[in-house]
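Have a look at the structure below before the remarks.
The values are calculated or read from the model by the stated rules, or taken from the named source; none is laboratory data. In this text, all values refer to a predicted model and were calculated from it rather than measured experimentally. Cβ placement follows ideal geometry from the backbone for every residue including glycine, while neighbour counts extend to all protein chains displayed. These area figures cover heavy atoms from the full protein model, side chains too; ligands, DNA and RNA do not enter into them. Shrake-Rupley method; radii C 1.70, N 1.55, O 1.52, S 1.80 Å.
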Amino acid sequence: MHTASFYLNDSTVSFRSRFGHQGKPHNLEEAIYLCGEVLHLHPVWHKSRGVSLGNREGRFRMRFSQRGGVDDMNRAIGLLREALTLRLPGNSSHDTLNTLALPLQIRYDKLDIGRMAIHMAMQLFTI
């Protein structure tokens, strides 16, 4: 017998796939929302919580790629950090650390570009 989380997770995959094919933002929004619902069904002690965190993280990163909102990247980073805390002592967290490194670098680059634009704008006003 399949659980509610199984069906919800299957729906998130469908909406994500539909977004990939049609590019309609509401499909991605629905996938993000449903990933959140799956997380509510997977408390901290649940064996599938780490996977659910990773799924939602991926959807936020996808939305960041579309919109460029730093808030989406911050949410993705937060989810990855939580996934890292779920690792048992002695288990390799190498994959999670590598996965976390990319969004951290992207966020840094995005913020650095913003700072550079502000600096350039300020230089224009001083001329």
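Can we say residue 68 is open to solvent by less than 30 Å² (accessible area, probe 1.4 Å), of a type outside the set (A, V, I, L, M) and modelled with pLDDT of 85 or more? Please lay out each step first, then the result.
Working: open to solvent by less than 30 Å² (accessible area, probe 1.4 Å): yes; of a type outside the set (A, V, I, L, M): yes; modelled with pLDDT of 85 or more: yes.
Criteria met by residue 68.
Looking at segment 1-54 only, could you name the residues that are open to solvent by less than 40 Å² (accessible area, probe 1.4 Å) and without any contact (Cβ under 8 Å) to a residue 12 or more places away in the chain?
First, pick out the residues of segment 1-54 that are open to solvent by less than 40 Å² (accessible area, probe 1.4 Å): 5, 12, 19, 27-28, 31-32, 34-36, 38-39, 42, 48-50, 52-54.
Residues satisfying the conditions do not exist here.
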